[in-house]
Amino acid sequence: MHYISGYIMAVKNAYLTVYHQVMNKRARNIRYMDEADKLCDRIAIIDHGKLAALDSPLKLKASIPGKNILEVSFSGAPGDWAGTLQRLSDVTEVKNEDNIFRILSNNGPRTTVELLEAARGANVSIASLSVQSTTLDDVFVHYTGHQLRDTLQAPNAADSPFLMKRN
């Protein structure tokens, strides 16, 4: 029993040492937004060298439209379906990419119920549906216009100006 409690204390001390090292750094270059959400008091979103946003994680998430995001795909949706979705309660924005609708809502549960009723009333089948709270990834997309993973992709070596192509 004595060895186990000593081991637990050693692990706890190691964790606290790493935690304090991370927290004592003045600036962090974090590429995982969920990690930034937990570790940082203030976050700067920089896009191509320009400051896009700077605030606490909570205030950044509150600064963009919609508190919940519904991602839903349908089969048999009519052509004006995006307009129908836009008219649901508390919806602030609707985007359609490759027949996947991204609905920003200030009240995810209410919008979800109305979405199900609208789909049933229009005889439209729901192929997939997910509801999530606003994340820092959503904040990044809002302020920069592109996904973080698009920014982090390594350049193609074939596009390098230092390589010569053989004929």
| query | So how far apart, in nm, are the two label points at Asp55 and Lys95 if each is 7 Å from Cα heading toward Cβ? | reply | 1.9 nm
| message | Tell me which trypsin sites (Lys or Arg not before Pro) from the stretch 57-113 have a DSSP coil assignment and no more than 11 other beta carbons within 10 Å of their own. | response | Arg87
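Since every read-out is calculated from the coordinates, none of them should be taken as a lab result. Everything numeric in this text was worked out from a predicted model, so none of it was measured. With ideal geometry, Cβ positions are generated from the backbone for all residues, glycine too; neighbour counts draw on all protein chains shown.
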